[in-house]
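Input: a single structure, listed below in structure tokens.
The values are calculated or read from the model by the stated rules, or taken from the named source; none is laboratory data. Because the structure is predicted, anything quoted here is derived from the model rather than measured. Quick reminder, even Gly has a Cβ in these numbers, built from the backbone with ideal geometry, and neighbours come from all protein chains shown.
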Amino acid sequence: MYREDNVVNLRGRQGNPSGRPAESGFEGSENRRMPAGKKKIKKKFSSSVLGALILFAIMIYLIFAIFVGFEKEKLSIYEVRAAQLSYDTTFKGIAIRDEKLVYAENSGYVSYFIRNKKKTAKDSIIYCVDSSSNTYNALKKNFIKDKLDKTQIKEIKSSMARYLEGDSSTIIGNIGEFKDQLSSMIYDFVSNNMIENLKDYVAEGLSGNSFHVFRSPNSGVISFKCDQYTGITSDMVTADMFENAPDIINLRSTGLISSADPVYRICEDENWTIVCKVTEDFYVDNVATREAMVFIGNKTTPVNVTTTPYSIGEDYFIEIKLNTYMSEFIDDRLLSVRFINDRDAGLKIPVSSIVQKDYYLVPLDMFTEDTARNVMYLNKETADQKTGEVYYSPVYPAKYYSDGFYAYIDPLYVTEGDILLGPDNETRMMVSNVNSLDGVYNVNKGSFQFVRIERLETGSDYIVISPSTPDGIREYDHIALDGSKGEENDLINES
């Protein structure tokens, strides 16, 4: 029978239309031939059915695979890269300067001969007072006749354009301050002409005994503005000073003044101090810091400064020592100070990658060492469902993290209410403490593997994590861009 089947197959491949035995050398083939058509029909029918079934199964599998492929959302992969870690924190600061107010010695009509925020030499003319108003009126008359040149007009236009480019709420809130600034600028432009005119009047003897000229007793930077905090020292700064900016008083009068009125302010030292009120966290992080990099006000160039953190009750401060920009900010009392602190490089990951994983806290002293496998395990109590007999079985849990006292255990291995036996075979404890860890899904090996992360800096779209977390993420690792699409140990469907 075996040979007969082979003969039929051979004939089928030869394609003999007569149905007669082929000249194949098989003895007795004529005598062994079955009735015509019966065996052949059965064989062809079986092969056709089997082939059709196989083909149908393949088609079903392909359709199912295509359907599942379309239904399953593709996973986007993110490659972890290093990022420079820095914090950028802005606080309000109170400016402290070596400053003093100078008061008028005579009553009369005052005229100024130096621009605001300009440094003056010792014995330079700062202002004059005319009690009879003769010289004052003559100077005022020439002041009215003076015209601004093209350069001065261009500078005024530029100042107005910069002001109008600001935020609408800021423009409205600072319109009074801008008006004073513009008036001061125009007044400053004609100061040089006034000094020349004054020289002429003095030379011609037209000033008389009623005219008094006042010079600077020392070199320094001149300001015609002051506030209620003028002359304060660092130890006088309190927390409530940071709530609102102080009222600015314009000292440059355009008319009559009385003796003992303040006429200008002078800062004789370029060194100055800013005291910032900071948060407790910032204070704690920087209590040992003695140097920092800061941006002052609207400056775009950072400054290296020396700092001194201190506290008063529940309020925290940082004192900053500077030796630059004093004259530029001489009219400002409340300033913004932006701290920039570069640290070691971290790893930048998207916020969307972060997932939280529950874990159980198990004391490290509950673990027993498996010397043969060089691993640690837990003895978990188990009761036989039929006999009720209690026995202990080893569990080799995955540890997310160990803080030196506790191991953070994956809930797949232990759960709340489990009884563990210590290595001394006497200490027993019940698993109960559960918490959650931040982490991401590492997909380097083609499946979702939860990896714990340690945050260093948090932003709106990205965070910076520690690159040295034990068994953590490393640069160039691949993680799931959207952690919510992952499930522990599932295979990934990468896009």
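Here are a few things to note about the model shown:
- Unmet requirement for Ser495, which otherwise passes all of (1) modelled with pLDDT of 85 or more; (2) within 14 Å of Ile77 (Cβ to Cβ); (3) of a type in the set (S, T, N, Q): (1)
- Reported count of residues in region 207-237, each being outside any helix (DSSP H, G or I), under 41 Å from the mean Cα position of the chain (by Cα) and free of Cβ contacts under 8 Å to residues at least 24 places away in the same chain, is 1.
- Residues of region 265-276 classified as modelled with pLDDT under 95 and over 16 Å from Met326 (Cα atoms), total: 0
- Per-region count, region 355-379, residues touching a residue at least 24 places away in the same chain (Cβ under 8 Å), over 22 Å from Glu426 (Cβ atoms) and surrounded by fewer than 18 Cβ atoms within 10 Å (Cβ to Cβ): 2
- Only one entry in Val434, Val390 is in contact with a strand residue (DSSP E or B) (Cβ under 7 Å, 6 or more places away or on another chain), surrounded by 11 or more Cβ atoms within 10 Å (Cβ to Cβ) and of a type in the set (Val, Ile, Thr), namely Val434.
- Enumerated strands (runs of 3 or more DSSP E) restricted to region 426-489, each holding at least 1 residues that are aromatic (Phe, Trp, Tyr) and either free of Cβ contacts under 8 Å to residues at least 24 places away in the same chain or farther than 20 Å from Ile409 by Cα (or both): 462-465
- Qualifying residue in region 272-290 (condition: touching a residue at least 40 places away in the same chain (Cβ under 8 Å) and closer than 30 Å to Ser107 by Cα): no
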